[in-house]
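The values are calculated or read from the model by the stated rules, or taken from the named source; none is laboratory data. None of these values were measured; they are calculated from a predicted model. Every residue, glycine as well, gets a Cβ built from its backbone with ideal geometry; the counts of neighbours run over all protein chains shown. All accessible areas refer to the heavy atoms of the entire protein, side chains included, with ligands and DNA or RNA removed. Shrake-Rupley method; radii C 1.70, N 1.55, O 1.52, S 1.80 Å.
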Amino acid sequence: MLKSRLILTAAVLCCFIVACDELIPPAPEENELLDGPVEGLSNEENLQFLLGDIAFNDEVFTPETGLGPFFVAASCGSCHIGDGKGHPFTTLTRFGQAAPGMNPFSNNGGPQLQNRAIPGHVPEELPAGVVFSRITPPANTGLGFLEALTDAQLLSNADPNDLDGDGISGVPNYVTAPDYFVPQPHHQELNGQYIGRFGKKAAAVNLLHQTVNAYKQDMGITSEFDSEEPSIYNKPNQAPDNVEDPEVASSTVRNLVFYLRTLKAPIQRNETDEDIIRGKQLFTQAQCSSCHTPQWTTPVSDVAALSNKTFFPYTDLLLHDMGSGLDDGYTEGSALTSEWRTPPLWGLGLSENSQGGQIFLMHDGRATSIRQAIAMHGGEAENSRNQFTNLSAEDQEKLIAFLRSL
Amino acid sequence: MKKFLTLVMGLWFCTSTFAQTDKGKVDTTALNMDAVYNRPFLSFDKLPVALGGYLEANSSYFGSDGLSEGLSFQIPRLTIFISSTIAERIKFLTEIELEEGGAEIAIEFAAFDIEFHPMLNFRGGVIMNPIGAFNQNHDGPKWEFINRPIASTTIIPSTWSNVGFGIYGKTAKNSWAFAYEAYLTNGFDGSIIGSAENRTWLPQSKANKERFEESSNGVAWLTLKTAIKNFKYGEIGFSWMGGVYNKFEEDGLQLDERRRLDIFAIDFNGKLPFSRTKLIGEYTWANIDVPATFSQQFGNRQRGGFIDIVHPILNQRILDWDNSTLNLALRLEYVDYNKGSFRETGGNIFDHTYSIVPAVSFRPSPQTVLRLNYRMDWTRDILGNPSVKTVGLQFGFSTYF
């Protein structure tokens, strides 16, 4: 009797073990996730994506590996959990530049405040009376598609003098590219400057520029691309850390850039739902799509998976005057202080899964709902905001439902 | 490594031919503090030493979010004990552990004990700080679960041992026993808030091999524990370990403020009244003085604990093993690495894990256990985004030898 019970128990346990795969919690639906690679990468590209994923999400810098001594966060993943938007606790502060041109603090603490320091050091403080903006980290998804677009494509939407009279201009931010920037055939130079497309003010010309800046300004990590520690306000003689430079290998930087390039684009959910279809129509009618350009197609890219792909970011990557309410008095590159780059709206509905169950929208996370964010639109977007306000409550909900489906 | 193994195997081979006694019985009246000696040893006529040890190995199949690393096999640790009674009331014991197939070799315990009185013993050497219960009582064969408790290995970084001296004592009357321990040792270092784990991580100090050579800051670390046991119902212990963890000065020059780490723990083990069901648990609080100017990613308060419920469903002769036991067991555990709220939003900081681990264990003898664990972990990141559920099955054994 005992023997039978034991054999039966063993048999049940064996079945349990054999069914291991059934134990694993199921994967979330692909359209519920922001991370993951674009479809169609080669095996070699998959490997580079994985190496970049490790550099982005798993590599945490410590004082022994070069963190700081002045910094904002210890890893890329700290600010972009799940490759999504960041949280106010990792919000950056940029300061010093009140007009288009150069940042007068670029060699004295600017452009970014390093508000944290490793033990034994005192973090940087904002200079008295200086202009500044707080910047909430954006989502990383689909960046490779945006980078692949040509300058000509971006310029086709620019209307600096509002010749079409729709009240919406749209201008590129021309910025001085770093020395390591290698222009590609699709880049167009103007007076030695190039169009920026990444960052809330579009001040980074490509993902390498954005990444090297983040290593340096966010984490205090030097690379071969930029071997200087960030400058600290009023501490011109501040000794750097005791870690040999560069603190991150060029291969790691390039793998990380490749990871960012090949993160998939967010996938819309419930796009056939009638309310969402209606919401999209209202979005277009309210002229939101004049800046939040729904659709683009990439040209040929060196990464086959990014070539000739149509994608739906809802951005034109251009600067727009957003009115006095969003004018912090700070700017970057050739942008005016009231101008902000149109942020992509894709992934908006998944923001709360990376921001701790809440959402923090606009450039500094000041809006905690989509409705609040719309209400904060001014300047060129004032007309669209008013059109939204004039919609019935039901239609407003449909438009918001559409945005949440992105 | 090779030489070490050769030495151990050689010693084992020689001594095994003279083995006389198998002190396989575990003293059930012992307190947790006695765990280091309350182990099965082999002693020999011609050698002044007794030998023991344990080995554990297991397989794991874990996955989350539809992805699994597949089936893997581990040998988490092979541990050797060598003890010697030098003279009456003077003894020595060492515990040497090879972790992860020999990737790490550590002297977890190497201490000399001299008894002046049952209430006054002196111990010196590499000691296991008596914080909580698991740190001193961590032998694999004593537990029904393959993984060590999370809080007991990541808040209290068991096995946490260090160089130092101290006193302890024990007294018993009727069905009660009382014990105390007090030690001064080397302590932690500043790496606990500079870890690649991206959180305050007390085990990081274990990477500092110099802690057996010198204190990181010249300030002794104090560990105190008291325990009371009723032989019928069980034991409860209260312990505290604290001190300055950072290097605040060097060559007489001040580098930083003195920053303290304090760990408090309550542990208990016993049987439910009128039942054979055992309860074992431990809860830990750690307060860490993290500079306000450092990242909130590194928490200044950590909490966590576990409770094991073990019920023998069969205790009889099974498959020709006398005194075999088949247990059903359940572990509930929780660890929060960052208690507090964000300065920027006032919202709760998360960074915690809950786990439930149902288990079946079979003990053909008290010194050997075969274990099957089904583990479910729910982990939330620092912001409290939707929890990641990790589920896995583990099978393995742990045995004294």
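Consider A:Leu47 carefully, then state whether it is open to solvent by 50 Å² or more (accessible area, probe 1.4 Å) and either closer than 12 Å to A:Leu256 by Cα or in a loop (DSSP other than H, G, I, E, B) (or both). Lay out the reasoning, then the answer.
Values: open to solvent by 50 Å² or more (accessible area, probe 1.4 Å): yes; either closer than 12 Å to A:Leu256 by Cα or in a loop (DSSP other than H, G, I, E, B) (or both): yes.
Yes.
Just to be sure, is A:Gly36 modelled with pLDDT of 65 or more, at positive phi and open to solvent by less than 100 Å² (accessible area, probe 1.4 Å)?
The answer is yes for A:Gly36.
Does A:Gln295 fit the bill of being open to solvent by 60 Å² or more (accessible area, probe 1.4 Å) and under 25 Å from A:Leu149 (Cα atoms)?
Here the answer is yes, as A:Gln295 does meet what is asked.
With respect to A:Pro185, is the statement that it is part of a loop (DSSP other than H, G, I, E, B) and open to solvent by 30 Å² or more (accessible area, probe 1.4 Å) true?
Judged against the criteria, A:Pro185 is a match.
Looking at B:Asp322, B:Asp308, which is the one that is open to solvent by 10 Å² or more (accessible area, probe 1.4 Å), acidic (Asp, Glu), in a strand (DSSP E or B) and more than 11 Å from chain A (Cβ to nearest Cβ)?
Only one candidate qualifies: B:Asp322.
From the set of residues in region B:248-300 that are part of a strand (DSSP E or B) and small (Gly, Ala, Ser), which is farthest from A:Ile118 (Cα to Cα)? So that I can check it myself, show each step before the final result.
Within region B:248-300, the first condition is being part of a strand (DSSP E or B), and the residues that meet it are B:249-250, B:253-254, B:260-271, B:278-288.
Subset that is small (Gly, Ala, Ser): B:265, B:270, B:281, B:286.
Numbers: B:Ala265: 29, B:Gly270: 45, B:Gly281: 36, B:Ala286: 21 Å.
Checked region B:248-300; the qualifying residue farthest from A:Ile118 (Cα to Cα) is B:Gly270.
Results for (1) touching a Lys or Arg at 6+ places or on another chain (Cβ under 8 Å); (2) in contact (Cβ under 8 Å) with a residue 60 or more places away in the chain, shown as yes or no for each residue.
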residue	(1), (2)
B:Phe41	yes, no
B:Lys46	no, no
B:Val49	no, no
B:Gly52	yes, yes
B:Asn58	yes, yes
B:Tyr61	no, yes
B:Gly66	no, no
B:Leu71	no, no
B:Leu78	no, no
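With the structure loaded, tell me whether B:Gly346 is within 14 Å of chain A (Cβ to nearest Cβ) and at positive phi or whether it fails that test. Step through it out loud before you land on a result.
Details: within 14 Å of chain A (Cβ to nearest Cβ): yes; at positive phi: yes.
Yes: the conditions hold for B:Gly346.
Consider region A:176-192. How many of its residues are free of Cβ contacts under 8 Å to residues at least 24 places away in the same chain and among the hydrophobic types (A, V, I, L, M, F, W, C)?
Total meeting the criteria: 2.
Looking at A:Ala128, A:Ala117, A:Ala139, which one is free of Cβ contacts under 8 Å to residues at least 12 places away in the same chain and either away from chain B (no Cβ under 14 Å) or farther than 19 Å from A:Val205 by Cβ (or both)? Let's see the steps before the verdict.
Working: A:Ala117 fails: free of Cβ contacts under 8 Å to residues at least 12 places away in the same chain; A:Ala139 fails: free of Cβ contacts under 8 Å to residues at least 12 places away in the same chain.
Testing whether each residue is free of Cβ contacts under 8 Å to residues at least 12 places away in the same chain and either away from chain B (no Cβ under 14 Å) or farther than 19 Å from A:Val205 by Cβ (or both) leaves just A:Ala128.
Looking at (1) closer than 21 Å to B:Leu202 by Cβ; (2) open to solvent by 70 Å² or more (accessible area, probe 1.4 Å); (3) of a type outside the set (Lys, Arg); (4) within 14 Å of chain A (Cβ to nearest Cβ), can you tell me which one B:Trp285 breaks?
The one condition B:Trp285 does not meet is (4).
If B:Asn338 meets every condition in (1) under 30 Å from A:Asp364 (Cα atoms); (2) open to solvent by 10 Å² or more (accessible area, probe 1.4 Å) apart from one, which number is that one?
Looking at each condition in turn, B:Asn338 falls short on (2).
Could you grab me the full set of residues in region A:213-260 that are of a type in the set (Asp, Glu) and in contact with a helix residue (DSSP H, G or I) (Cβ under 6 Å, 6 or more places away or on another chain)? Working first, answer last.
Filtering region A:213-260 down to residues of a type in the set (Asp, Glu) leaves A:218, A:224, A:226, A:228-229, A:241, A:244-245, A:247.
If the condition is that a residue be of a type in the set (Asp, Glu) and in contact with a helix residue (DSSP H, G or I) (Cβ under 6 Å, 6 or more places away or on another chain), then A:Glu224, A:Asp226 are the ones that fit.
Among the residues of region B:198-226, what is the count of those that are more than 18 Å from the chain's Cα centre (by Cα), charged (D, E, K, R) and modelled with pLDDT under 95?
Total satisfying the criteria: 5.
Filter region A:389-406 for residues that are over 27 Å from A:Glu32 (Cβ atoms) and surrounded by 15 or more Cβ atoms within 10 Å (Cβ to Cβ) and give the result.
If we filter region A:389-406 for residues that are over 27 Å from A:Glu32 (Cβ atoms), which is where we start, we get A:389-393.
The one that is over 27 Å from A:Glu32 (Cβ atoms) and surrounded by 15 or more Cβ atoms within 10 Å (Cβ to Cβ): A:Leu391.
Just wondering, is there one or more residues in region B:357-364 that are outside any loop (DSSP other than H, G, I, E, B) and either among the polar types (S, T, N, Q) or within 8 Å of another protein chain (Cβ to nearest Cβ) (or both)? Working first, answer last.
The first filter runs over region B:357-364 and keeps only residues outside any loop (DSSP other than H, G, I, E, B), leaving B:357-364.
Imposing the further condition that a residue be either among the polar types (S, T, N, Q) or within 8 Å of another protein chain (Cβ to nearest Cβ) (or both) reduces the set to B:360-361.
Yes, region B:357-364 contains a residue that is outside any loop (DSSP other than H, G, I, E, B) and either among the polar types (S, T, N, Q) or within 8 Å of another protein chain (Cβ to nearest Cβ) (or both).
Does B:Tyr334 satisfy the criteria of being more than 13 Å from every other protein chain (Cβ to nearest Cβ), without any contact (Cβ under 8 Å) to a residue 40 or more places away in the chain and not small (Gly, Ala, Ser)?
Taking the combined requirement at face value, the residue does not satisfy it.
For B:Asn315, state whether it is at pLDDT below 95 and more than 14 Å from chain A (Cβ to nearest Cβ).
In short, no.
Among residues belonging to region A:200-231 that are of a type in the set (Asp, Glu), at pLDDT 95 or above and more than 19 Å from A:Asn57 (Cβ to Cβ), point out the one that is surrounded by the most Cβ atoms within 10 Å (Cβ to Cβ).
This residue is A:Asp226.
Closer than 23 Å to A:Gly196 by Cβ and open to solvent by 20 Å² or more (accessible area, probe 1.4 Å): which single residue out of A:Asp321, A:Asp316 fits that description? First the steps, then the outcome.
On the way: A:Asp316 fails: open to solvent by 20 Å² or more (accessible area, probe 1.4 Å).
Result of the check over A:Asp321, A:Asp316: A:Asp321.
Give the residues of region B:374-401 that are open to solvent by less than 30 Å² (accessible area, probe 1.4 Å), within 9 Å of another protein chain (Cβ to nearest Cβ) and more than 24 Å from B:Gly299 (Cβ to Cβ), sorted by residue number.
B:Val391, B:Gly392, B:Leu393
Limited to region A:145-175, what total is found for residues that are in contact (Cβ under 8 Å) with a residue 24 or more places away in the chain, in a loop (DSSP other than H, G, I, E, B) and hydroxyl-bearing (Ser, Thr, Tyr)?
Qualifying residue count for the region: 2.
Within region B:260-282, track down each residue that is surrounded by 21 or more Cβ atoms within 10 Å (Cβ to Cβ) and within 14 Å of chain A (Cβ to nearest Cβ).
B:Leu261
If A:Lys85 passes every condition in (1) open to solvent by less than 30 Å² (accessible area, probe 1.4 Å); (2) charged (D, E, K, R); (3) within 11 Å of chain B (Cβ to nearest Cβ) but one, which one does it miss?
Answer for A:Lys85: the failing condition is (1).
Table: residues versus (1) crowded, with 20+ Cβ neighbours inside 10 Å; (2) touching a Cys at 6+ places or on another chain (Cβ under 6 Å); (3) of a type in the set (Lys, Arg).
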{"residue": "B:Phe165", "(1), (2), (3)": "no, no, no"}
{"residue": "B:Lys173", "(1), (2), (3)": "no, no, yes"}
{"residue": "B:Tyr183", "(1), (2), (3)": "yes, no, no"}
{"residue": "B:Asn186", "(1), (2), (3)": "yes, no, no"}
{"residue": "B:Ser195", "(1), (2), (3)": "yes, no, no"}
{"residue": "B:Ala207", "(1), (2), (3)": "no, no, no"}
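Please return the ranges of strands (runs of 3 or more DSSP E) entirely within region B:1-104 where 1 or more residues are modelled with pLDDT of 90 or more.
Values: elements: B:19-23, B:41-44, B:50-64, B:67-87, B:90-99.
So the answer is B:50-64, B:67-87, B:90-99.
Would you be able to say whether some residue in region B:234-250 is touching a strand residue (DSSP E or B) at 6+ places or on another chain (Cβ under 6 Å), more than 28 Å from B:Glu181 (Cβ to Cβ), more than 14 Å from chain A (Cβ to nearest Cβ) and at pLDDT 95 or above?
No, region B:234-250 contains no residue that is touching a strand residue (DSSP E or B) at 6+ places or on another chain (Cβ under 6 Å), more than 28 Å from B:Glu181 (Cβ to Cβ), more than 14 Å from chain A (Cβ to nearest Cβ) and at pLDDT 95 or above.
Since A:Pro137 meets every condition but one in (1) closer than 24 Å to B:Phe294 by Cα; (2) modelled with pLDDT of 95 or more; (3) over 22 Å from the mean Cα position of the chain (by Cα), which condition does it not meet?
Of the numbered conditions (1) closer than 24 Å to B:Phe294 by Cα; (2) modelled with pLDDT of 95 or more; (3) over 22 Å from the mean Cα position of the chain (by Cα), the odd one out for A:Pro137 is (3).
All but one of (1) open to solvent by 20 Å² or more (accessible area, probe 1.4 Å); (2) outside any loop (DSSP other than H, G, I, E, B) hold for A:Val253, so report the exception by its number.
A:Val253 satisfies every listed condition except (1).
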